[in-house]
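As structure tokens, the structure follows; a few thoughts come after it.
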Amino acid sequence: MTSRPFSACAIPFLILCAMASPAHGQTAAQIEKGQEPSLPSSKVAASKPAAPGKMPSPEEQLQQAISNAGNDRAALVRNLEAFLKEYPDSRQRPQIYRALVEASLQLRDNTRAAAYAERIVAISPDDISMTILTIQLLEQNGDEAALRRATNYATRVLEFVERSSAGEKSPKISQEEWAAEKKRERTSVLTLRGRLELKLKDTVAAQKDFEASYAILPSAAAAEQLGEIAEMKKDSNGAIEQYARAFALADAAIGTAGRREIRQKLGNVWRLAHGSGDGLGDYLLRAYDEVSQASIAAKPKKNADAREPADFTLRKAPEGTAFSLKDTKGKVLVVNFWATWCRPCHELEPLFARVAEEFQSNPDVLFLAANCDEDESLVAPYLEEHKPRTSVVFADGFDRFFTVNSFPTVMVVDRAGKIAYRSNGFEPDTFEPNLKEAVRRALAPPGASTRAGNPAP
């Protein structure tokens, strides 16, 4: 996409003194980047005060207006507005409007900032960042006319996002990253427009937008708004369902205020429907599991076509380079499935590493620690801090293949690709000898006798 609708909306302050000359040659791109244009040496005289008796040019008057304001933003607004009144068709209008938006924001005059932001959007309708800022300012204004204009601008942004194509993406990002970013932008704009429609009391349109937003990418914001709509319609069950989803999706890292408010709304409607808070905790846990499973199901499944362990291509953690298991066919594979948030996994790791060290000279056995975190960004900091001694890979569906649903889980996969030993959880006193014996049995030639050990489940 050529523009990021939800990038930061800060407006760079324009050095209008340098822009006042008509020969400055500044491009729109320079303006957006906040670059100060340079004046050709042959035109420097244009910035000097006019000779006595000579009428100053509009550019000289603009420069004088800016100079007279100094660092006084209120004076700058007055001077620039006076200049525009005198020269309403000045070709410097876009730059002056931007300076007026910034100065008005600094003065906390959002009404004036919105007025000039709308003028910029009228001149440059594809300026998405300015359009988003305009929507935000109009929403703060709050009157019906402003909200209707903001809704129209939101529709414009949504159309922009939807018609963008992969051919416009930066070569620095992958197709998958671009598609994910487009989803986030669509769901954000739909939620924004729905919120505006709700303020305009157009509940039908708002509900449609919130439902479309949630269908594209489930979010706490859309679910909470849907809960409020259901509550207004006296649909207690619908409100409970949506508030529970919002609570499950709320990001606690952002702060507890939002989640606490959702919890209060949920508790209130639950008590109204059931007479007490009994059963709400169990309901919330089920809602969390449903939301989590839906999120996982929506992600592309890695190694979905694998029929045996040797078919898998995993990724080394944390760098993500490919790690094929093709060469493990006919060998014994020992895998520790773990997660960063699992405390028993932390305690098991050094025991697993000691067993791995005992077999490290045997080329017929490979030990792996397969990370199963849903949020892979947690893995790199964990590895940096704890520095595990066995090779770490992302599970990439290996856990799904072996139906791993608790951590830690350690298993020995024999030369035929079958589970020869499995331990869900572990006993510190017996883990090492039991795992060693299981590996020896898996390595032994067919028919060879070994000491009795824990049988595979």
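The values are calculated or read from the model by the stated rules, or taken from the named source; none is laboratory data. Computed from a predicted model, the values in this text were never measured in an experiment. Every residue, glycine as well, gets a Cβ built from its backbone with ideal geometry; the counts of neighbours run over all protein chains shown. Just so you know, the surface numbers come from the protein's heavy atoms only, side chains and all, with ligands and any DNA or RNA stripped out. Shrake-Rupley method; radii C 1.70, N 1.55, O 1.52, S 1.80 Å.
State whether one or more residues within the stretch 444-454 are modelled with pLDDT under 95 and surrounded by 14 or more Cβ atoms within 10 Å (Cβ to Cβ).
yes
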Taking the stretch 370-399 and the residues there that are open to solvent by 30 Å² or more (accessible area, probe 1.4 Å) and in a loop (DSSP other than H, G, I, E, B), the one that is nearest to Val355 (Cα to Cα) would be Arg389
Here, strands (runs of 3 or more DSSP E) confined to the stretch 293-364 with at least 1 residues that are under 19 Å from Ala442 (Cα atoms), open to solvent by less than 40 Å² (accessible area, probe 1.4 Å) and touching a Phe, Trp or Tyr at 6+ places or on another chain (Cβ under 6 Å) are 332-338
Those residues of the stretch 400-433 that are hydroxyl-bearing (Ser, Thr, Tyr) and either free of Cβ contacts under 8 Å to residues at least 12 places away in the same chain or surrounded by fewer than 19 Cβ atoms within 10 Å (Cβ to Cβ) (or both) come to a total of 3
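Would you mention how many residues in the stretch 98-113 are in contact with a Phe, Trp or Tyr (Cβ under 6 Å, 6 or more places away or on another chain) and open to solvent by less than 20 Å² (accessible area, probe 1.4 Å)? Reasoning before the result, please.
The initial filter retains those residues of the stretch 98-113 that are in contact with a Phe, Trp or Tyr (Cβ under 6 Å, 6 or more places away or on another chain), namely 100-102.
Going one step further and asking which of them are open to solvent by less than 20 Å² (accessible area, probe 1.4 Å), we end up with 100-101.
Residues in the stretch 98-113 being in contact with a Phe, Trp or Tyr (Cβ under 6 Å, 6 or more places away or on another chain) and open to solvent by less than 20 Å² (accessible area, probe 1.4 Å): 2 in total.
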- prompt: Does the stretch 285-293 contain any residue that is modelled with pLDDT under 90 and aliphatic (A, V, I, L, M)?
  reply: yes
Cβ pairs under 8 Å, 6+ apart or interchain, first in the stretch 335-355 and free of Cβ contacts under 8 Å to residues at least 60 places away in the same chain and closer than 18 Å to Ala317 by Cα, second part of a loop (DSSP other than H, G, I, E, B) and open to solvent by less than 40 Å² (accessible area, probe 1.4 Å), ordered by first then second residue, are Thr340/Asp373; Trp341/Asp373; Glu349/Pro388; Glu349/Thr390; Ala353/Pro388; Ala353/Thr390
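Quick one: in the stretch 120-130, of everything that is surrounded by 13 or more Cβ atoms within 10 Å (Cβ to Cβ) and assigned to a helix (DSSP H, G or I), which residue is farthest from the chain's Cα centre (by Cα)? Full working, then the answer.
First, pick out the residues of the stretch 120-130 that are surrounded by 13 or more Cβ atoms within 10 Å (Cβ to Cβ): 120-121, 124-125, 127-130.
Next cut, assigned to a helix (DSSP H, G or I) only: 120-121, 128-130.
Numbers: Ile120: 29, Val121: 27, Ile128: 19, Ser129: 18, Met130: 21 Å.
That would be Ile120.
Please enumerate the residues belonging to the stretch 167-192 that are open to solvent by 30 Å² or more (accessible area, probe 1.4 Å), assigned to a helix (DSSP H, G or I) and out of contact with any Ser or Thr (no Cβ under 6 Å at 6 or more places or on another chain).
Restricting attention to the stretch 167-192, the residues satisfying the condition of being open to solvent by 30 Å² or more (accessible area, probe 1.4 Å) are 167-177, 179-184, 186, 188.
In the following step, the residues that additionally are assigned to a helix (DSSP H, G or I) were identified as 167-168, 175-177, 179-184, 186, 188.
Once the filter is applied, which keeps residues that are open to solvent by 30 Å² or more (accessible area, probe 1.4 Å), assigned to a helix (DSSP H, G or I) and out of contact with any Ser or Thr (no Cβ under 6 Å at 6 or more places or on another chain), the stretch 167-192 yields Gly167, Gln175, Glu176, Glu177, Ala179, Ala180, Glu181, Lys182, Lys183, Arg184, Arg186, Ser188.
Look through Glu224, Glu241, Glu261 and report the one residue that is charged (D, E, K, R), in a helix (DSSP H, G or I), open to solvent by 70 Å² or more (accessible area, probe 1.4 Å) and in contact (Cβ under 8 Å) with a residue 40 or more places away in the chain.
Numbers: Glu224 fails: open to solvent by 70 Å² or more (accessible area, probe 1.4 Å); Glu261 fails: in contact (Cβ under 8 Å) with a residue 40 or more places away in the chain.
Exactly one residue qualifies, and that residue is Glu241.
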Inside the stretch 89-130, the number of residues satisfying the requirement of being of a type in the set (Val, Ile, Thr), in contact (Cβ under 8 Å) with a residue 60 or more places away in the chain and farther than 20 Å from Ala74 by Cα is 1
Within the stretch 154-165, residues being open to solvent by 30 Å² or more (accessible area, probe 1.4 Å) and part of a helix (DSSP H, G or I) number 5
The condition from (1) touching a residue at least 24 places away in the same chain (Cβ under 8 Å); (2) within 24 Å of Pro428 (Cβ to Cβ); (3) of a type outside the set (D, E, K, R) that Gln360 misses is numbered (1)
- Message: Can you confirm whether Asp289 is outside any loop (DSSP other than H, G, I, E, B) and closer than 17 Å to Val393 by Cβ?
- Response: no
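Can you tell me which of Leu137, Leu133, Leu147 is without any contact (Cβ under 8 Å) to a residue 40 or more places away in the chain and surrounded by 13 or more Cβ atoms within 10 Å (Cβ to Cβ)? Full working, then the answer.
On the way: Leu133 fails: without any contact (Cβ under 8 Å) to a residue 40 or more places away in the chain; Leu147 fails: without any contact (Cβ under 8 Å) to a residue 40 or more places away in the chain.
Matching residue, one of Leu137, Leu133, Leu147: Leu137.
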